[in-house]
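The values are calculated or read from the model by the stated rules, or taken from the named source; none is laboratory data. What you see is a predicted model, and the numbers here were worked out from it, not measured in a lab. Cβ: placed from backbone, ideal geometry, glycine included. Neighbour counts: every protein chain shown.
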Amino acid sequence: MHAQTWPAIGSTQAAALAEDWWIFTYAAIVVAVFVWGLILYAAVRFRRTARNPEPRSQKDANPPLEIAWTVAPLLIVIALFVRTAHIETEVEAQAKVHQVEIAVDGYRWGWTFAYRGGPTVRGTAEHPPEMVLPLGEVASIRVSSSDVVHSFWIPDMLFKRDAIPGQVSAFDLTPTKEGTFLGRCGEFCGLDHALMSFRVRVVAPVAYERWRKGEATR
Ligand SMILES: [Cu+2]
């Protein structure tokens with residue numbers, strides 16, 4: 001919908017969230033221009049001049065106008081709410097079948113990515129782990145934590161999910177761009193929080209299979 005360089009918007013879910021962001025931005029621009037226009041008009045049209053020396057009465061009531069400026073914002077807010085709820089349902093939806101399923105475990109200070117029926121990638125603060133994902137295939141990411149609350153966050157996917165001890169939070173991720181994306185812990189979890197990074201590398205499905213088999217025999 002929009003040419004974007006930053007963030008990269010690297011998944012179908014991110015594209016849906018970006019669309020919602022643009023809807024809010026456009027709505028805000030329209031409202032701002034309208035309100036600034038009215039302010040400017042009132043300041044010019046009703047300014048005090050030699051011909052018009054008395055200030056305007058501040059007491060005039062205008063019920064139709066007052067109803068209009070109450071109802072119009074209400075309708076805008078309802079429309080934004082309905083659209084957002086719709087998009088969030090889309091983003092939260094999980095497929096029945098997943099080509100890839102990864103159990104993500106956050107711990108002080110790193111991440112472990114355990115592929116179902118595949119390798120387990122364990123990272124540390126010094127050696128951040130890399131999550132490899134096949135392009136265009138639905139990955140199920142199941143986030144949990146071994147100690148305190150962390151947050152699994154890939155800025156370019158416009159999505160963040162808390163890693164809560166004793167609880168698994170699952171979501172789907174369908175990458176739409178090849179490349180390497182930075183991941184971070186998005187919840188302050190202690191001294192080395194800033195070092196809890198990781199990478200997500202999106203590759204062609206064939207390259208993913210090759211990587212998976214290579215990891216398995218290591
Ligand atoms: Cu953390």
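Quick check: anything in region 198-207 within 13 Å of the ligand (Cβ to nearest atom), in contact (Cβ under 8 Å) with a residue 60 or more places away in the chain and surrounded by 15 or more Cβ atoms within 10 Å (Cβ to Cβ)? Taking every residue of region 198-207 in turn, at least one turns out to be within 13 Å of the ligand (Cβ to nearest atom), in contact (Cβ under 8 Å) with a residue 60 or more places away in the chain and surrounded by 15 or more Cβ atoms within 10 Å (Cβ to Cβ). Across region 18-54, which residue is surrounded by the most Cβ atoms within 10 Å (Cβ to Cβ) among those that are of a type in the set (Gly, Ala, Ser) and within 28 Å of Phe159 (Cα to Cα)? Filtering first and then ranking leaves Ala18. Taken together, Arg83, Arg48 contain a single residue that is outside any helix (DSSP H, G or I) and outside the structural domain of Gly136 (by TED's automatic domain parsing), which is Arg48. I'd like the residue in region 111-137 that is β-branched (Val, Ile, Thr) and within 16 Å of the ligand (Cβ to nearest atom) and, out of all such residues, is nearest to Thr12 (Cα to Cα). Per the criteria, the residue is Thr112. Of all the criteria given as (1) within 16 Å of the ligand (Cβ to nearest atom); (2) crowded, with 16+ Cβ neighbours inside 10 Å; (3) within 20 Å of Glu92 (Cα to Cα), the one not satisfied by Gln167 is (2). In this structure, Ser140 does not satisfy being within 16 Å of the ligand (Cβ to nearest atom), touching a residue at least 24 places away in the same chain (Cβ under 8 Å) and of a type outside the set (A, V, I, L, M). A Cβ distance below 6 Å, combined with a sequence gap of six or more or placement on separate chains, defines the contacts here; from region 113-131, residues that are without any contact (Cβ under 8 Å) to a residue 24 or more places away in the chain reach residues that are outside any loop (DSSP other than H, G, I, E, B) and of a type in the set (D, E, K, R) in the pairs Arg116/Glu101.
Of everything in region 185-197 that is surrounded by 14 or more Cβ atoms within 10 Å (Cβ to Cβ) and among the small types (Gly, Ala, Ser), the residue that is nearest to the ligand (Cβ to nearest atom) is Gly186.
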